[in-house]
Amino acid sequence: MTAHPAAEAEGAARPVTHRRILHIAVPIVISNATVPILGAVDTGVVGQLGDPVPIGAVGIGAIILTSIYWLFGFLRMGTVGLTSQAEGAGDTAEVSALLVRALLIAGAGGALLILAQWLLFAGAFALSPASAEVEAAARSYMAIRIWSAPGAIAVYGITGWLIAKERTRGVLVVQLWMNLTNIALDLLFVLVLDWGVNGVAVATFIAEWSGAAVGLWLCRDGFGGGHWKNRALIFDPARLLHMANVNTNILLRTLMLEAIFVSFLFLGARFGDVKLAANQILLQLLFITAYALDGFAFSAEVFVGQAYGRKSPAAVRRGAVMTSLWGFGTGGALGLVFLAFGPLIIDVMTTAPGVREAARGHLFWMVLAPFVGAASWMFDGIYIGATRSRDMRDMMFLSLLCYLVALAVLVPWLGNHGVWAALLVSFAARGVFMGWRYPALERDAAA
């Protein structure tokens, strides 16, 4: 694919600037900040029923479905990289085709989940058993929510497409619409109509489908020009194969990352309820860090992807360096905030004296995490923009091996501190390995 002259001119006229970075990053950070609010409201609403069963049912049901849906998270990441490159090359037809392909994958994937729901739910409860009452209520909740799977997965593709178009305010609009709709309907269905757990499920079902509809409206320019009806382009074998390769490698990389975090949680549970609770509190700070750095990693995806589309190694470097400056700066600032205010944050999050003491004793790992992990998070964005998903997969595999070796060596020696040290080893290893491969990424931009 050759770069369109108009695209080259536009790229030259619009260099990567701090203003453009913040234009992409700030709405993403705000959007991410709304995510925990919804979970808190869901829990708070069913908590008003005065029965622990609905709380457990909504909690475990939401975790299971979110985990299943996130298997399709590759659709967001792959769509950003591929669409950014098509944008940089001035290939408007491919930009439209990528949106349609993402929606087709979401529809097919969602339909498959609906058809396989009984098997998925049985497997999930076999791995995470609950009381008969909680399991029955959770199954009822999930049996309703699963019907919005195509819409929920479509939002991943729509979000990726909007990010690639540098329209992250649209991403914020979709997220706010879904969350506010969900919250309003939670209050109506549960507290007014007394629908209980099923009311929370119906609220989420409506929010996810309506969020997909709002997202499609924001993407309506992707259906202009008739390119979205070009079946020969949409189902072009070479383009489909490339998209499948990119997304498959991202999926494998995500599964390995999930393996690290799941094993982290399970290993922490071996050291007692107090240490497990302390780990959970500190993980919330880690998630805050990831949410904050997401905005700048997404900016890297866009700018590196556009530079690849223009076949400009110099633009790749500028996009990578400029966004990483913001990423490292934000990570460092958060590390200092945790150092200064970590004990206060811990006290706000729990009143249990033992948990407070254990969390403070492990706080220094959380202070180090943004400094150690910033490189891996930013390189993720850079590699996604370049669609170097095979390298992402391979570097994640190497970091997983480093993590497992660190666990074997450090946990018998340091206990729960060893679990945290191994997690940070995985961050550092990923950053080092991806940094080692970065020169090849930059060179290949001209290919």
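The values are calculated or read from the model by the stated rules, or taken from the named source; none is laboratory data. Because the structure is a prediction, the values reported are computed rather than measured. Neighbour counts run over all protein chains shown; Cβ positions are idealised from the backbone, glycine included. These accessible areas exclude ligands, DNA and RNA; they are computed on the full protein's heavy atoms, side chains included. Shrake-Rupley method; radii C 1.70, N 1.55, O 1.52, S 1.80 Å.
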Review point. What is the range 356-447's relative contact order, in percent, from Cα pairs under 8 angstrom and six or more apart in sequence?
Key: 38
Check your understanding: Among 378-385, 257-264, how do they line up from the highest to the lowest mean number of other beta-carbon atoms within 10 Å?
Key -> 378-385, 257-264
Exercise for review: Please work out the FRET efficiency for the pair Leu325 and Val26, using the Cβ-Cβ distance as r and a Förster radius of 22 Å; give the result to the nearest 0.05.
Suggested key: 0.90
Study note, to complete from the structure: Residue span Ala136 to Arg390: 0.36 nm per residue of separation minus Cα-Cα distance leaves a gain in nm of 87.3 nm
Review point. Which of the peptides 324-337, 413-426 is most tightly packed, and how do the rest follow, judged by the mean count of other Cβ atoms within 10 Å per residue?
Key: 413-426, 324-337
Point to revise | Lys/Arg +1, Asp/Glu -1 at C-beta; the chain dipole; positive extreme among Ala278, Leu404, Gly342 | key: Leu404
Revision key, fill the gap. Where a ≥ b ≥ c are root eigenvalues of the Cα gyration tensor, a/c under 1.5 meaning rounded, otherwise prolate if a/b exceeds b/c and oblate otherwise, the range 321-447 counts as oblate
Check your understanding: What is the sum of charges around Pro237, taking Lys and Arg as +1, Asp and Glu as -1, for the other residues whose C-beta is under 14 Å from the C-beta of Pro237?
Key -> +2
Point to revise | Candidates Gly361, Gly431, Gly88, ranked by Gaussian network fluctuation over the chain, Cα under 10 Å, top entry | key: Gly361
**Study point:** Apportionment of accessible area to carbon and sulfur, the chain, percent (1.4 Å)
**Key:** 71
Exercise for review: Over the range 251-334, calculate the relative contact order: mean separation of alpha carbon pairs under 8 Å at least 6 apart, over the residue count, as a percent.
Suggested key: 23
**Study point:** Net charge dipole size for the range 29-187 [Lys, Arg +1 and Asp, Glu -1 on Cβ; Debye, nearest 20]
**Key:** 220
Point to revise | Magnitude of the charge dipole, the chain, Cβ model with Lys/Arg +1 and Asp/Glu -1, debye to 20 | key: 1040
Point to revise | Distance (nanometres) between label positions extended 7 Å along Cα→Cβ at Leu255 and Trp413 | key: 3.3
**Study point:** Å² of accessible area per residue within the chain, as computed with a 1.4 Å probe and no ligands counted
**Key:** 43
Practice item. Could you grab the relative contact order for the range 319-391? Cα pairs under 8 Å, six or more apart, rounded to a whole percent. Key: 43
Study note, to complete from the structure: Between the residues Gly295, Asn249, Gln306, the Cα farthest towards the positive end of the dipole of the range 237-307, that dipole coming from +1 and -1 charges on the beta-carbon of Lys, Arg, Asp and Glu, is from Asn249
Practice item. Pull out the extension gain between Ala333 and Leu191, defined as 0.36 nm times the separation in residues minus the alpha carbon to alpha carbon distance; nm, one decimal. Key: 47.0 nm
**Study point:** Under 21 Å from the Cα of Lys229 - lysines, other chains or at least 8 residues apart
**Key:** Lys165
Exercise for review: Give the peptides 147-154, 300-307, 234-241 in descending order of average Cβ contacts within 10 Å, highest first.
Suggested key: 300-307, 147-154, 234-241
Check your understanding: With charges set only on the Cβ (+1 for Lys and Arg, -1 for Asp and Glu), what does the dipole of the range 326-436 come to about its Cα centre, in debye to the nearest 20?
Key -> 120
